[in-house]
Amino acid sequence: MKIIQCDKKENSKVEVLVEVSREEYDLAAGKIFMKVRKSMPVPGFRNGKAPRRVVERIYGATVFLSDALELLYPDILKTISDEDDYKIVDQPVIADVDFKEEGGGLSVTVAFTAYPEVELGEYKGISATKVSSEVPESEIDAEIAEIRLRNARFEGVDRPAEDGDTAVIDFEGFLDGEPFDGGKGDGFELELGSGLFIPGFEEKVVGMTAGETRDIDLVFPDEYEPGLAGKAVVFKVSLIEVREKQMPDLDDEFAKDVSEFDTLSEYKADIRAKLEEERRKEADEAFEGALMDKIIDNMDADVPEMMIEKRMDAAMKSFAQRVAALDMDPMQYLQMMGTTPEAFRESSRSSSIRQARIALALDKIAELEGIEISDEEIEGEYAAAAERLGKEAGELRDNVDRDDLAHDLKLRAALKLVMDNAVAVDAADNEDGEGAAVKKPAAKKTAQKKPAAKQSADKEPAGEKPDDGMIDKGDE
């Protein structure tokens, strides 16, 4: 086999014309013939005894062409890879075949996407802002205040209900004198001031006393569900009990109750250490992202569409897995968000382009630095991942391709090289304001069904970036 012609097209598309000799084709076609000859009857010959030339004359000269090409395919790809040193990033396809019947061989056109040419700027010694991982005392106090709140007790009191109290109520809503669905609750524990019910409801429960019954006239918000939106209704509310929130004292006994520590000072020190570790990770991730943004901003490369599409598919898969883990149907969730699968997938395009560019940059850095991954490193990663996941290393070897894992480790090594040679600029010293402070992520809220409550849905950010990791990266 030999390459006759190579055409480089737009967006890293390549078409290569490979010539397969008659001898090479005959060898492959002969193997196919020996397998199938008994299923190809020829008049005048016993079953399976007709020569191949006779079979081809009767059934057609190309009768074995398709199967022979399947046998020749690996060697065709090897010829392309060896002679032109292409790094193929998708599944090559045979775009055209020219079969020469009279003693000739084959001309096979193979189309594929190749890794683009990548030109990098500086990637060693670059600088970026890195925020401090120091945790102020106020943040520790806020964390403890939240824990105290979660551990508060509620005790019955003999007085009118106030904001912050929990009112235990029976209620039923009426529209035009008739009860409506979802408007009734018995023994419902309502925290006054929480905003759980529609506007005006909780405010009118304030001041009620245990044993009191009250009619509350309200109008549903215009954005509420059809049938009730904008409608005037009456809630008949009976207050069963008023419970006052009792906050635990902030002392050593509190620390013993909520943690494994004996003193409040030890507990505070543990909270500080955990918050600082969390802040360090966030700062490192932001620093890493800022460095890679600088590298890819100074990189010249045309990102193949296939690489972008692959990451968009990964983002869609990750989203579906997260939603399914909450026992929700991904399609219904998208409908609730007012979008479609196609629009949601497309919303991840910009982050997918960024991730593809980062992968190309790290690949090029690994090439320039001669980074290679040893068998010991690969086996070490299998073993470490098996321990993290509580699985057998052999199971991971079966499920995670060795070459893919080696490539992932190579990218990680290239990233480490960038990080080890980078210069961190303190945010306080950065006069031009480069870099953004790391924000602590907000706590996730758990959705629950709320009778006659305001209807809302916390929308997740569209298009979470896909992760390039192969093992223990969240999408095993």
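Read the figures in this text as sums done on the coordinates, not as results from a lab. Since this is a predicted model, take the numbers as computed values, not measurements. Note: ideal-geometry Cβ built from the backbone for every residue, glycine included; neighbour counts use all protein chains shown.
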Inset, instruction - Calculate the all-directions average of the projected area of region 2-113's alpha-carbon convex hull, and give it in nm². - result: 7.4 nm²
Inset, instruction - Can you figure out the FRET efficiency of Glu101 with Ile58, using R₀ = 22 Å and their beta-carbon distance, to the nearest 0.05? - result: 0.90
Inset, instruction - Go through Lys310/Lys391; Lys2/Lys100; Lys317/Lys416; Lys87/Lys364; Lys31/Lys87 and tell me which ones have a Cα-Cα distance over 19 Å in this structure. - result: Lys310/Lys391; Lys317/Lys416; Lys31/Lys87
Legend entry - Calculated P(r) tail over 13 Å for region 20-80, as whole % of Cα pairs: 61 percent
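What is the Rg over Rh value, at two decimals, for the chain, using alpha-carbon atoms and the Kirkwood definition of Rh? Can you show the working numbers first?
Details: Rg = 33.9 Å, Rh = 29.7 Å.
For the chain, the value is 1.14.
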Legend entry - Label-reachable residues, region 133-157, where backbone N falls under 13 Å from a point 7 Å from Glu191's Cα toward its Cβ: 146-154
Inset, instruction - Just grab the label-to-label distance for Val157 and Glu137, each label 7 Å out from Cα along the Cβ direction, in nm (one decimal). - result: 3.0 nm
Legend entry - Positive-end extreme of charge dipole, the chain - chosen from Val18, Leu228, Leu334 (charges on Cβ): Val18
Legend entry - Relative pair counts by distance (%), Cα atoms of region 266-333, 5 Å bins: 3, 13, 9, 10, 14, 16, 15, 11, 6, 2, 1
Inset, instruction - Subtracting the Cα-Cα distance from 0.36 nm times the residue separation, let me have the gained length for Ala229 to Ala111 in nm, one decimal. - result: 36.7 nm
Legend entry - Semi-axes of the equivalent ellipsoid for region 223-324, Cα gyration tensor, largest first, Å: 46, 36, 13
Legend entry - Gyration tensor verdict on region 87-222 (Cα atoms; rounded if a/c is under 1.5, prolate if a/b is larger than b/c, oblate otherwise): oblate
Legend entry - Lys, Arg +1 and Asp, Glu -1 on Cβ, resulting dipole of the chain about Cα centre, debye, nearest 20: 2680 debye
Legend entry - Computed label-point distance, nm, for sites Gln332 and Leu149 using a 7 Å Cα→Cβ extension: 3.1 nm
Legend entry - region 2-113, relative contact order [Cα under 8 Å, separation at least 6], %: 36 percent
Inset, instruction - Would you be so kind as to identify which of Leu192, Gly44, Val423 lies farthest towards the positive end of the dipole of the chain, taking Lys and Arg as +1 and Asp and Glu as -1 on Cβ and the Cα centre as origin? - result: Gly44
Legend entry - Value of D in µm² per second that Stokes-Einstein yields for region 153-246, Kirkwood Rh from Cα pairs, at 25 °C (0.890 mPa s): 181 µm²/s
Inset, instruction - Could you please rank Ile169, Ile3, Ile295, placing first whichever residue has the fewest other Cβ atoms within 10 Å of its Cβ? - result: Ile3, Ile295, Ile169
Legend entry - All aspartates and glutamates inside 14 Å of Lys294 as judged from Cα atoms, apart from same-chain residues fewer than 8 positions distant: Glu119, Glu122, Glu434
